[in-house]
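Read through the structure below, which is laid out as structure tokens, and then see the notes.
The values are calculated or read from the model by the stated rules, or taken from the named source; none is laboratory data. The structure presented is a predicted model; accordingly, all values stated were derived computationally and were not measured. Cβ atoms come from the backbone with ideal geometry, glycine included; neighbour counts cover every protein chain shown. Remember, those area values only see protein heavy atoms, side chains included, never the ligands or the DNA or RNA. Shrake-Rupley method; radii C 1.70, N 1.55, O 1.52, S 1.80 Å.
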Amino acid sequence: MAVDTADPAELAKFEAMAAEWWDPEGKFKPLHMLNPCRLDYICDQIAAEFERDRAGTEPFSGLRILDIGCGGGLLSEPMARMGAEVVGADAAAGNIPVARVHAEQSGLEIDYRHTTAEALAEAGEQFDVVLNMEVVEHVASPPDYIEACQRLLKPGGLMICSTINRNPKSFAMAIVGAEWVMRWLPKGTHDWRKFITPDELYGLLRGAGLDPVDRKGFVFNPLGWSWSLSDRDLSVNYVTASVKPAG
């Protein structure tokens with residue numbers, strides 16, 4: 001029987017914020033600001049792994065993509081626009097109606113479901129790509145959760161996983177700065193003790209049978225008020241790409 005890694009206390013935080021997903025000045029302002037940068041990384045990795053031309057009309061046509069922890073659909077919708085068959089899944093029930101309504105308003109067909117990675121894996125669902133963005137630091141058991149995500153990948157499939165590093169700088173930036181000073185997020189949204197270092201995440205990925213192939217930092221520039229990718233600075237937000245062996 002699969003372990004349910006959903007954390008009720010963590011889900012309650014996001015349930016309370018569900019209606020604000022598409023407000024760029026609301027509680028999810030940090031994600032709206034980060035989204036272009038993380039989308040660029042995601043698209044580059046998918047295009048490289050599956051030999052797709054990003055300049056095409058629907059470059060991801062024929063790919064089945066899971067956006068686990070989809071929230072209001074900030075990543076699901078761009079993937080659908082690029083031609084992918086998208087399943088958006090979230091363990092917080094309140095997020096799904098918000099995502100569905102926005103997709104309908106946008107004229108997009110996205111299969112949104114109130115479910116977990118474990119339940120999807122138990123049902124035998126399979127995907128070419130799993131987008132696992134800013135979720136692993138909120139689950140009860142990261143090893144079990146990553147293992148479930150690995151099971152959801154087809155052989156040769158790609159997982160993009162982002163999270164927050166655990167060090168004094170990440171406490172200062174992600175909690176003191178984002179929650180206490182800027183008040184971008186409600187206090188208590190993140191638990192610094194649940195943050196995961198890049199080496200720890202690579203260990204989790206390898207332990208689940210995945211091959212890490214890339215990692216980059218997401219770096220915030222307070223002067224330009226923008227995010228960019230970095231090969232060297234993984235000190236706070238960072239993203240990884242890993243592949244499920246084909247054989």
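Taking segment 70-91, which residues are surrounded by fewer than 23 Cβ atoms within 10 Å (Cβ to Cβ) and of a type in the set (Gly, Ala, Ser)?
Gly83
Residues are listed down the side, and each one gets a yes or a no for (1) under 13 Å from the mean Cα position of the chain (by Cα); (2) within 14 Å of Met159 (Cα to Cα):
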| residue | (1), (2) |
| --- | --- |
| Trp22 | no, no |
| Lys29 | no, no |
| Asn35 | yes, no |
| Asp40 | no, no |
| Glu49 | no, yes |
| Arg52 | no, no |
| Arg64 | no, yes |
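Going through Ile96, Ile42 one at a time, which residue ends up being touching an Asp or Glu at 6+ places or on another chain (Cβ under 9 Å) and either buried (at least 19 other Cβ atoms within 10 Å of the Cβ) or closer than 19 Å to His138 by Cα (or both)?
Going through Ile96, Ile42 in turn, just one is touching an Asp or Glu at 6+ places or on another chain (Cβ under 9 Å) and either buried (at least 19 other Cβ atoms within 10 Å of the Cβ) or closer than 19 Å to His138 by Cα (or both): Ile96.
For Ala9, which of the numbered conditions (1) modelled with pLDDT of 90 or more; (2) open to solvent by 60 Å² or more (accessible area, probe 1.4 Å) fails to hold?
Just one mismatch for Ala9, condition (1).
Looking at Arg81, Arg52, can you tell me which residue is over 20 Å from Ile146 (Cβ atoms), of a type in the set (Lys, Arg) and touching a Pro at 6+ places or on another chain (Cβ under 9 Å)?
Numbers: Arg81 fails: touching a Pro at 6+ places or on another chain (Cβ under 9 Å).
Exactly one of Arg81, Arg52 is over 20 Å from Ile146 (Cβ atoms), of a type in the set (Lys, Arg) and touching a Pro at 6+ places or on another chain (Cβ under 9 Å), namely Arg52.
Has segment 183-198 got at least one residue that is exposed (fewer than 11 other Cβ atoms within 10 Å of the Cβ), at pLDDT below 95, within 20 Å of Pro143 (Cβ to Cβ) and out of contact with any helix residue (DSSP H, G or I) (no Cβ under 7 Å at 6 or more places or on another chain)?
Scanning segment 183-198 turns up at least one residue that is exposed (fewer than 11 other Cβ atoms within 10 Å of the Cβ), at pLDDT below 95, within 20 Å of Pro143 (Cβ to Cβ) and out of contact with any helix residue (DSSP H, G or I) (no Cβ under 7 Å at 6 or more places or on another chain).
So, in segment 110-130, how many residues would count as being of a type in the set (A, V, I, L, M) and touching a Gly at 6+ places or on another chain (Cβ under 6 Å)?
Residues flagged as of a type in the set (A, V, I, L, M) and touching a Gly at 6+ places or on another chain (Cβ under 6 Å) within segment 110-130 amount to 1.
Which one is farthest from Phe50 (Cα to Cα), of the residues in segment 213-247 that are in contact with a helix residue (DSSP H, G or I) (Cβ under 9 Å, 6 or more places away or on another chain) and among the charged types (D, E, K, R)?
Lys216
Any idea which of Ile68, Ile110 is among the β-branched types (Val, Ile, Thr), in contact (Cβ under 8 Å) with a residue 60 or more places away in the chain and closer than 19 Å to Asp128 by Cα?
After applying the criteria, what remains is Ile68.
Could you give me the residue pairs with C-beta distances under 7 Å whose first residue belongs to segment 134-155 and is more than 14 Å from Glu122 (Cα to Cα) and open to solvent by 20 Å² or more (accessible area, probe 1.4 Å), whose second residue is part of a helix (DSSP H, G or I) and among the small types (Gly, Ala, Ser) wherever it lies, and which are 6+ apart or on separate chains?
Pro143/Gly207
If a residue has to be touching a Lys or Arg at 6+ places or on another chain (Cβ under 7 Å), part of a helix (DSSP H, G or I), among the acidic types (Asp, Glu) and under 15 Å from Leu66 (Cβ atoms) to count, how many in segment 102-158 make the cut?
Of the residues in segment 102-158, 0 are touching a Lys or Arg at 6+ places or on another chain (Cβ under 7 Å), part of a helix (DSSP H, G or I), among the acidic types (Asp, Glu) and under 15 Å from Leu66 (Cβ atoms).
Can you report the number of residues in segment 197-229 which are aliphatic (A, V, I, L, M) and farther than 14 Å from Ser242 by Cβ?
Qualifying residue count for the region: 3.
Which number in (1) farther than 23 Å from Gln150 by Cβ; (2) open to solvent by 70 Å² or more (accessible area, probe 1.4 Å); (3) in a helix (DSSP H, G or I); (4) without any contact (Cβ under 8 Å) to a residue 12 or more places away in the chain marks the one condition that Pro36 misses?
(4)
Just give me the residues in segment 18-33 being open to solvent by less than 50 Å² (accessible area, probe 1.4 Å) and closer than 28 Å to Gly224 by Cα, in sequence order.
Answer for segment 18-33, where residues must be open to solvent by less than 50 Å² (accessible area, probe 1.4 Å) and closer than 28 Å to Gly224 by Cα: Trp21, Gly26, Phe28, Lys29, Pro30, Leu31, His32, Met33.
I need a count of the residues in segment 99-124 that are farther than 30 Å from Gly217 by Cβ and open to solvent by less than 40 Å² (accessible area, probe 1.4 Å). Give the derivation first.
Residues of segment 99-124 that are farther than 30 Å from Gly217 by Cβ, as a first pass: 100-101, 103-109, 111-115, 119, 122-124.
Okay, now just the ones that are also open to solvent by less than 40 Å² (accessible area, probe 1.4 Å), so 103, 108, 112, 115.
Residues meeting the conditions: 4.
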